[in-house]
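Presented below is the structure to which this report refers.
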Amino acid sequence: MSSGTTRNIAKNSDITRPDVYRVLVDLEKLRLIEKTISTPTEYKAVPIEIALDILLGRKQQENKQPSNKANPESKKQLKTI
């Protein structure tokens, strides 16, 4: 499917329309889909190369940020030292 309305996406994916709306909002925030200005509104996936660049960039940013999550076992070991 190159583009589709919420109704078409719900029908073809066998997912309820409210769930499709929620997922589309998340995908749009991630810039993985584009919303077309039409009535009814249609959604189109960005090309796979762009989607991969976006997702890999996000993962690289996550990996650069230090994690404050410590393993519970590590915390126990630190307390005993």
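When the stretch 38-69 is filtered for residues that are exposed (fewer than 12 other Cβ atoms within 10 Å of the Cβ), at pLDDT 95 or above and of a type in the set (D, E, K, R), only E49 remains. Candidates S2, S13, S38: the one that is without any contact (Cβ under 8 Å) to a residue 60 or more places away in the chain, in contact with a strand residue (DSSP E or B) (Cβ under 8 Å, 6 or more places away or on another chain) and among the small types (G, A, S) is S2.
The values are calculated or read from the model by the stated rules, or taken from the named source; none is laboratory data. Nothing here was measured: the structure is a model prediction, and the numbers come from that model. Here Cβ is always computed from backbone atoms with ideal geometry, including for glycine, and neighbour counts include all displayed protein chains.
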